[in-house]
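A short reminder: the numbers here are calculations on the coordinates, not readings from a lab. What you see is a predicted model; the values in this text were computed from it and never measured. As a convention, Cβ positions derive from the backbone with ideal geometry for all residues, glycine included, and neighbour counts pool all protein chains shown.
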Amino acid sequence: MNQVVVCDEVTYQYRDGAPGLQRVSLAIEPGEFVVVAGASGSGKSTLCRLLNGLIPHLHGGNLTGRILIEGRDTRLTPPYVLSRSVGLALQNPEAQSLATTVARDLALGPACQGLDRATIAARVREVAALLEIEPLLDRQLVTLSGGELQRVAIGGVLALHPKVLALDEPFAFLDAAGAVRLRETLRLLHQRGVAIIVTEHRLAEVVDLATRMIVLHEGQIVADGAPRAVLARDVSQWGLEAPPLVRLARAAGIDATPLTLDEALEVVSLNGDAPLSPPDDIPATSPVISWEDVSLARDHRTVLRQARLSAAAGEVIGVLGANGAGKTTLLKLGNGLLRPQRGAVRIQGQAIGRRPLWEIARSVGLVGQHPGHMLFAPTVQDELEAGPRALQRLDRAWISHIIDQCRLEPLLRRSPHRLSAGEQRRVAIGAVLASQPSVLLLDEPTAGQDALSRYALRTLLTDIARDGVAVIFATHDTEWAYALCTRWAILNAGMIVASGTPAAICAQPAIIEQARLRLPAEEAIRRQRERHAVDRV
């Protein structure tokens, strides 16, 4: 048998009755590079967990059909044996962070396989160099940013030298440089004959590298073929969004499916009105929240230094920068989870100082990178009502509006802890908005979000900004942030080094490079054409 993965009529349902997969059959050959796409809850993460035995050995539930990994039946083979063949990096990298330091975490898997110390040390050096995380080796895991932790989690899996590499949303928290590094790593592993399976909503990050694309919809395979052939179809019927370059070609009326910038340059013209148009700036008014020369050091590292930012009612501000630039810290200072060592954070002109969190929560809501941490109620409906009840702001009409806008109706009776990462994020955002804050802070709000959720969230944020809420979010998703934000604030090494409209920021190559930003597709094409025009002169 040549196939490293065989799924034969696989149907799975979770313990709580939530659907997983329905009669899925597929085979993956050694060295294939497969992108698995689908809306949130379509079964992508379920498929990954089936491949290394987490289902059914850990999750239980009802599994029928057969899954073979290098000829071994996963139901008869424990996960620690399957891990010698299949390496899995989960959506939430914190779930795989078990050691104290980065070096120890990378070494843990090979140590559990019984390898000798010299081999383990060589594996750690190898993956650290491959992912360019050598400067992190002595760092405590708790001090890492989400993107840094993501790279470490992937490194821990690569250290196992798996024959099948399964990555669940691996680009979700990575800056542009980290994404480029991961792409190069996947390309090298593919050349070496490793079978690669990547689930991803941000198709542009990886689809041009893949040899095959599988689309899951409501637990079933609805498309399976070469990526260009699949993307030539109307993928919106499955809750997917084509990569930005493909969308630009379609908007221009061009019958082509460009997967790379060079291909897009050949077919896409940017004459006339741009498909993407950032909103107008908000007239200057008194800020509802401001960071005034804020500095903070943690674990002997300066995280923020003299950071200055303010937001007026109705502004939508994107905070962008490389992994570890200080974005998450800035947001946590905004709602009082952290307090500045120097400078001040002010809400409606009043310094936070030592005000209690519950008092700050009446004005400022925060949804962090890992929303599952803030979910605690038995059902989604209870989760949405918990905050407003505590703050004595229960408004059922408003909550009904949030349920509709966040697409939560099908989830109301389910446990928040049994949802996919994308569904959990929608619930967490809805739960914070249910309390009607005047400032909304979001950390990587589009991570794990499918196309419908990204569109619904953009609509929701636009609506609440129009109602006077100041929205500030940290993101690496420049494509989404370009059309939404009135302003971008760029963080580098803990300092805000630039602030302006998205178009103005994109016109500054030094800032883009310094902050490790990926240009939105339209801006990338525009800048590349300008460079070509200069070269011809």
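Quick notes on this structure:
- Potential lengthening between residue 187 and residue 510 on full extension [0.36 nm per residue; Cα-Cα distance subtracted]: 113.5 nm
- Dipole magnitude of segment 1-62 about its Cα centre (Cβ charges: Lys, Arg +1; Asp, Glu -1), debye to nearest 20: 220 debye
- Residues with amide H under 5 Å from that of residue 288, placed H, sequence gap 5 or more: 311, 312, 313
- Normalising the average separation of contacting C-alpha pairs (under 8 angstrom, six or more residues apart) by the number of residues puts the relative contact order of segment 206-263 at 25 percent.
- By average C-beta atoms within 10 angstrom, highest first, the peptides 349-356, 82-89, 218-225, 294-301: 82-89, 218-225, 294-301, 349-356
- More than 16 Å apart - percent of Cα-Cα pairs taken over segment 44-140: 63 percent
- Candidate lysines - alpha carbon under 22 Å from residue 44, same-chain residues fewer than 8 apart omitted: 163
- Prolate/oblate/rounded label for segment 94-162 (Cα gyration tensor, a/c 1.5): prolate
- Residue-by-residue Karplus 3J(HN,Hα) for segment 487-495, coefficients 6.51, -1.76, 1.60, Hz, glycine and proline x: 7, 10, 10, 9, 9, 9, 6, x, 10
- Packing here is the average count of other Cβ atoms within 10 Å per residue, and on that basis the peptides 325-331, 157-163, highest first, run 325-331, 157-163.
- Cα long-axis angle, helix 102-112 against the chain (0 to 90 degrees, to the nearest 10): 20 degrees
- In this structure the amide hydrogen of residue 37, modeled in the peptide plane, comes within under 5 Å of the amide hydrogens of 214, 215, 216, none closer than 5 places in sequence on its chain.
- Contact order normalised by residue count of the chain, Cα under 8 Å, 6+ apart, percent: 15 percent
- Test item: Cα-centred dipole of segment 477-526, Lys/Arg +1 and Asp/Glu -1 on Cβ, debye: 120 debye
- Rounded to the nearest 20, the Cβ-based charge dipole of segment 29-75 about its Cα centre (Lys and Arg +1, Asp and Glu -1) stands at 220 debye.
- Residue-wise HN-Hα couplings along segment 439-456, as the Karplus relation 6.51 cos²θ - 1.76 cosθ + 1.60 with θ = phi - 60° gives them from phi, are 10, 10, 10, 10, 10, 6, x, 9, 4, x, 8, 7, 4, 4, 5, 4, 5, 5 Hz; Gly and Pro carry x.
- Taken along its principal axes, the alpha carbon cloud of segment 316-410 reaches lengths of 44, 31, 25 Å, longest axis first.
- To the nearest ten degrees, helix 146-158 and the longest principal axis of the Cα atoms of the chain are 10 degrees apart.
- The alpha-carbon atoms of segment 10-100 define a convex hull whose volume equals 125 cubic angstrom per residue.
- Our coupling estimate for segment 365-380, obtained by passing each phi through the Karplus curve with A = 6.51, B = -1.76, C = 1.60 and θ = phi - 60°, is x, 10, 10, x, 5, 10, x, x, 5, 9, 9, 9, 6, x, 9, 4 Hz, Gly and Pro reported as x.
- Using alpha-carbon coordinates, inclination of helix 176-191 to the longest axis of the chain, degrees: 10 degrees
- Peptide packing: for 180-186, 244-250, 30-36, the average count of neighbouring Cβ atoms within 10 Å per residue gives the ranking 244-250, 30-36, 180-186, highest mean first.
- Based on C-alpha pairs under 8 angstrom that are at least 6 apart in sequence, segment 374-525 has a relative contact order of 18 percent.
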